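Let me begin by presenting the structure, written as structure tokens, before commenting on it.
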Amino acid sequence: MTRNQQQTKALDQVIGYQDKVRLMVLEVLREESGRELAAQARFNQQEFDWNEHNIHFRQDYSETPINELLAYAKRLYGLKDLDAVRERRKAHKQQRTARWAEAS
């Protein structure tokens, strides 16, 4: 870093709590919808591309306000509040960890 460049403080580089919560809800919805669509594809003997799903999901919903995301979570997956979303996220992480442990 040169003298003329200003250093940005670490805490000024991170996103705020509300954005982190919104991203958590977005992550749960992306995972839930992907699992559902993957199951539909398997049932119909079709391929499902997780990378393509992730790209399109982020394009479609990355700017969606948290209240709309929570409404989707409630309507589509029965996740009544933020605590339910947190529990689902925790379950996703546990399932992912178990799959990685089985694979190794």
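Read-outs: derived from the displayed coordinates by stated rules, not from any lab. All values reported here derive from a predicted model rather than from experimental measurement. FYI the Cβ positions are ideal-geometry reconstructions off the backbone, even for glycines, and counts take in every protein chain you see.
Scanning region 21-47 for residues that are in contact (Cβ under 8 Å) with a residue 60 or more places away in the chain and of a type in the set (Asp, Glu), we see that the one that is surrounded by the fewest Cβ atoms within 10 Å (Cβ to Cβ) is GLU27.
Taking the criterion of being in contact with a helix residue (DSSP H, G or I) (Cβ under 9 Å, 6 or more places away or on another chain), without any contact (Cβ under 8 Å) to a residue 40 or more places away in the chain and assigned to a helix (DSSP H, G or I), the residues of region 57-95 that qualify are PHE57, ARG58, TYR61, GLU68, LYS74, ALA84. Filtering region 48-57 to residues that are surrounded by 13 or more Cβ atoms within 10 Å (Cβ to Cβ) and over 21 Å from GLN95 (Cα atoms) leaves only PHE57. When ARG89, ARG96 are screened for being within 14 Å of ARG30 (Cβ to Cβ), of a type in the set (Lys, Arg) and loosely packed, with under 12 Cβ neighbours inside 10 Å, only ARG96 passes.
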